[in-house]
Amino acid sequence: MSHSHSHVLVVLTNTRDLPSTGRDTEDANPRTGFDVKEVAYLYECLTKEHKIELIFASPKGGEAYIDPCSMDASRNDEIVAKFMKDQDAMQKIKNTKKLRDVRSQKFLGAVFPGGAGVLIDLPNESMVNDIVQEIYPRHEGFIAAIGHGLAALLNVKSEKGDLWLRGKRVTCQTLEEEKELKLERALPFMIEDKLKQIGAKFEKATKFQPYVVEDERLITAQNNYSVKEWVTAIKRHCRMN
């Protein structure tokens with residue numbers, strides 16, 4: 001089955017717990033998930049303002065969990081509050097589709113929000129590779145990622161078999177940001193290090209400042225402080241298709 005070309009795929013993590021000590025040293029398995037601010041702003045801009053449907057998917061399907069730290073950080077954010085009260089949005093994140101069931105559908109693009117949970121289940125998820133191949137080279141759609149969301153793309157291969165991100169300009173959550181958030185002990189790897197290791201052209205701004213990099217149809221953002229600029233870039237690419 002092929003979707004009409006007015007849908008955007010949003011790939012979420014199913015991970016709920018980090019494997020080791022994180023922000024709270026008393027908590028052996030800190031809770032994680034996806035960054036609610038990033039998804040809320042995407043939903044508000046694309047679905048509410050521009051009537052572009054978001055299709056939410058995850059490796060296992062079913063519920064995708066909100067990172068409680070992202071919820072705490074967004075407690076005074078009106079767009080996040082609106083998102084949390086939106087019954088349709090809540091149903092979508094509680095009932096995500098399995099990635100394997102959407103890999104051959106036609107989308108304007110695919111979006112990979114952040115949240116530390118992404119580092120656990122998405123880097124080695126083979127369906128991500130299939131989805132990027134289907135959307136980017138075949139349908140000339142866009143790929144967007146923010147913060148930890150870049151981890152999902154680390155092992156994606158190009159049609160020639162090379163690492164897809166090699167030579168591409170990107171940004172992500174930086175080492176300085178990870179250390180200040182006291183995340184480095186909880187994460188299996190640092191994304192900035194990995195991007196440099198695989199030959200991506202890594203760029204960054206000062207910590208916790210908005211920064212978005214566009215390399216053709218790849219749109220990456222450093223952190224959730226960049227969410228407005230990131231969503232604006234995504235909206236522009238939706239219109240270009």
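Summary table below
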item	result
For A145, distant residues with modelled amide H under 5 Å away	F112, I219, T220, A221
Above-threshold pairs, the threshold being 21 Å between Cα atoms, out of K51/K228; K194/K228; K51/K92	K194/K228
Surrounding net charge for E216, when Lys and Arg each add one and Asp and Glu each subtract one, Cβ distance under 14 Å	+2
Placed amide H near F56: partners under 5 Å, 5+ positions off or other chain	V10, K97
Counted charge near K201, where neighbours are those whose Cβ lies closer than 11 Å (Asp, Glu -1; Lys, Arg +1)	+2
Inter-site label distance for S158 and K196 at 7 Å from Cα along Cβ, in nm	2.3 nm
Farthest positive-ward along segment 7-240 dipole, Cα basis, beta-carbon charges - from A73, W164, M84	W164
Amide H partners (placed H, <5 Å) of H7, local residues excluded	L108
For the chain, with +1 on Lys and Arg beta carbons and -1 on Asp and Glu, the positive-most of T174, I135, L54 along the dipole	I135
Segment 126-162 and segment 46-62: distance between their alpha carbon centers, rounded to Å	17 Å
Dipole moment magnitude, nearest 20 debye, the chain about Cα centre, only Lys, Arg, Asp, Glu C-beta charged	600 debye
Estimated [θ] at 222 nm from DSSP helical runs (n ≥ 4, -39500 (n - 2.57)) normalised by residues in the chain, nearest 500	-7500 deg cm²/dmol
Dipole axis of the chain (+1 Lys, Arg; -1 Asp, Glu on Cβ), positive-most option in L150, F107, N95	F107
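Just so you know, all these numbers are worked out from the coordinates, no wet-lab data involved. Computed from a predicted structure; not experimentally measured. Glycine gets a Cβ as well: all are built from the backbone with ideal geometry, and neighbour counts include every protein chain shown.
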